[in-house]
1. Just checking, which of Ala279, Ala221 is in contact (Cβ under 8 Å) with a residue 40 or more places away in the chain, closer than 30 Å to Pro19 by Cβ and either touching a helix residue (DSSP H, G or I) at 6+ places or on another chain (Cβ under 8 Å) or not charged (D, E, K, R) (or both)?
2. Given the conditions (1) open to solvent by less than 10 Å² (accessible area, probe 1.4 Å); (2) under 23 Å from Val271 (Cβ atoms); (3) polar (S, T, N, Q), and given that Thr9 satisfies all but one, which numbered condition is not satisfied?
3. Look through the stretch 126-147, keep the residues that are free of Cβ contacts under 8 Å to residues at least 60 places away in the same chain and either more than 18 Å from Leu205 (Cα to Cα) or under 19 Å from the mean Cα position of the chain (by Cα) (or both), and return whichever of them is surrounded by the most Cβ atoms within 10 Å (Cβ to Cβ).
4. I'm checking my understanding of the structure. Among residues of the stretch 174-201 that are within 17 Å of Ala230 (Cβ to Cβ) and outside any helix (DSSP H, G or I), which one is most open to solvent (accessible area, probe 1.4 Å)?
5. Could you list, ordered by first residue, the pairs with Cβ atoms under 7 Å in which the first is in the stretch 103-115 and closer than 28 Å to Val22 by Cβ and the second is among the charged types (D, E, K, R), at least 6 apart or interchain?
6. Answer with yes or no whether Phe65 is farther than 19 Å from Arg148 by Cβ, out of contact with any Phe, Trp or Tyr (no Cβ under 8 Å at 6 or more places or on another chain) and not β-branched (Val, Ile, Thr).
7. So which of Ala85, Ala121 ends up being open to solvent by 40 Å² or more (accessible area, probe 1.4 Å), under 22 Å from Ala55 (Cβ atoms), at pLDDT 95 or above and hydrophobic (A, V, I, L, M, F, W, C)?
8. I'd like the full set of residues that are of a type outside the set (Ser, Thr, Tyr), open to solvent by 10 Å² or more (accessible area, probe 1.4 Å) and part of a helix (DSSP H, G or I), limited to the stretch 202-234.
Amino acid sequence: MPEPYDVITMGRIGVDLYPLEVGVPLARVGTFGKFLGGSPANVAVAAARQGRRTAVITRTGKDPFGAYLHQELQRFGVDPRWATAVAEYPTPVTFCEIFPPDDFPLYFYRRPKAPDLEIHAPDLDLDAVRDARIFWMTGTGLSAEPSRSATLAALRARSESAARAERPAGAPRRTATVFDLDWRPMFWDGGDDSPEAPARYREALAHATVAVGNIDECAVATGEREPYAAARALLAAGVELAVVKQGPKGVLAVHRDGTTADCPPLPVEVVNGLGAGDAFGGALCHGLLAGWPLDRIVRYANAAGAIVASRLACSSAMPFPDEVEEALAAGAVTAELASRAAPGTVPDPETPGAPGVAAGPETPAAPGSPGAPAASGDAARPEAAAVPGAATSPAAAPAAPAAPPADPDAPTSPRTGAGS
């Protein structure tokens, strides 16, 4: 029997064309970097940085950008076997502007249709999905067919298998089925007024065990905006753990067993808030897999998100475990840690990493700084300002993948990424 993956994510992927000039309007930017993007892909990268064995189910165009994304997934230690090509549609690209500490406009180009919305249910490896210790899906995957049906099929396979307790003796226990609420109104018919989104969210919540989202996303899923009320509504919808990201107010996590963690954000001077939410997600998976207490999981994930918010890059800025522990010990993201770009990595000699920003615009983080609002893994919001002026050193390329762990509870060496 193949070794189960620690984390399988499913959904969006694309190429981020990020300006290498901070504080410059897009119309005047002269230089860009090309990077792996898409929230589910970035969460897989973030978990791999924590030493976990990860894979992503997605689709790209059958074009040079698609080939680039396959290459980058491998370099980051994410198994790309289920990242297949679609000849009919081009690989999506995303542009952004970088105005620290709290303004990071995004411009998605996913027309006429994104290949990652062409995931078909019959093509899924449902055995791998069932066996993965964590399965992570997002709200964007529910926005259009056939991705919607495929995502729901994967969720049903997980919940039906769990109900029948189909796990061989000695197999590692399944940990979580995570629904990243990931509300992107521009991807839904009707946008913010989409009549279909709340119903689809409720359908997915019935199969998930963990829900993660910011206040706006929780409102779409539950109709509630007060954090505790939103958490209770998510639990009532079927999940066991509700994680409500509150930007500068921190993160609230409530478990069905009554355990609660209401954790303040970690102080940080924000450079680029894009990607911090994905770092939070990967670290959340790591903590769940490790079986840590809820308070420790949330604090660790908060710190991971804050580190990425302190750096110009995103995917290549995903932190290693020792960096997260360093930030927690210091009680803040120090300037030295923020400027330590892609530590311990060795660029692929055939694919040198471009300086500047890496992928990850899909799940922006809340900004913050000492004495001001701080990053907590939530989406960047204009009302959640931070002290500007953090270092903007470019980041190096990610490390080569490592071999998968023999013990599913023991992550691989995070300094070389998780192998597959």
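1. Within the list Ala279, Ala221, the selection yields Ala279.
2. (2)
3. Looking only at the stretch 126-147, we keep the residues that are free of Cβ contacts under 8 Å to residues at least 60 places away in the same chain, and these are 126-127, 130, 143-146.
This time we only want the ones that are either more than 18 Å from Leu205 (Cα to Cα) or under 19 Å from the mean Cα position of the chain (by Cα) (or both), so: 126-127, 143, 145-146.
Details: Leu126: 15, Asp127: 13, Ser143: 26, Glu145: 11, Pro146: 15.
Among those that are free of Cβ contacts under 8 Å to residues at least 60 places away in the same chain and either more than 18 Å from Leu205 (Cα to Cα) or under 19 Å from the mean Cα position of the chain (by Cα) (or both), it is Ser143.
4. If we filter the stretch 174-201 for residues that are within 17 Å of Ala230 (Cβ to Cβ), which is where we start, we get 178-183, 197-198, 201.
This time we only want the ones that are outside any helix (DSSP H, G or I), so: 178-183.
Numbers: Val178: 0, Phe179: 0, Asp180: 7, Leu181: 0, Asp182: 3, Trp183: 33 Å².
Among residues in the stretch 174-201 that are within 17 Å of Ala230 (Cβ to Cβ) and outside any helix (DSSP H, G or I), the one most open to solvent (accessible area, probe 1.4 Å) is Trp183.
5. Matching pairs, first to second residue: Phe104/Glu97; Pro105/Glu97.
6. So Phe65 passes the test.
7. Numbers: Ala121 fails: open to solvent by 40 Å² or more (accessible area, probe 1.4 Å).
Exactly one residue qualifies, and that residue is Ala85.
8. Of all residues in the stretch 202-234, those of a type outside the set (Ser, Thr, Tyr) come to 202-208, 210-221, 223-227, 229-234.
Narrowing further to those that are open to solvent by 10 Å² or more (accessible area, probe 1.4 Å): 202-203, 206-207, 215-217, 219-220, 223-227, 229, 232-233.
Answer for the stretch 202-234, where residues must be of a type outside the set (Ser, Thr, Tyr), open to solvent by 10 Å² or more (accessible area, probe 1.4 Å) and part of a helix (DSSP H, G or I): Arg202, Glu203, Ile215, Asp216, Glu217, Ala219, Val220, Pro227, Ala229, Arg232, Ala233.
The values are calculated or read from the model by the stated rules, or taken from the named source; none is laboratory data. Keep in mind the model is a prediction, meaning the values are calculated, not measured. Neighbour counts are summed over all protein chains in view; Cβ atoms, including those assigned to glycine, are modelled from backbone coordinates with ideal geometry. Note: areas computed on protein heavy atoms with side chains; ligands, DNA, RNA excluded. Shrake-Rupley method; radii C 1.70, N 1.55, O 1.52, S 1.80 Å.
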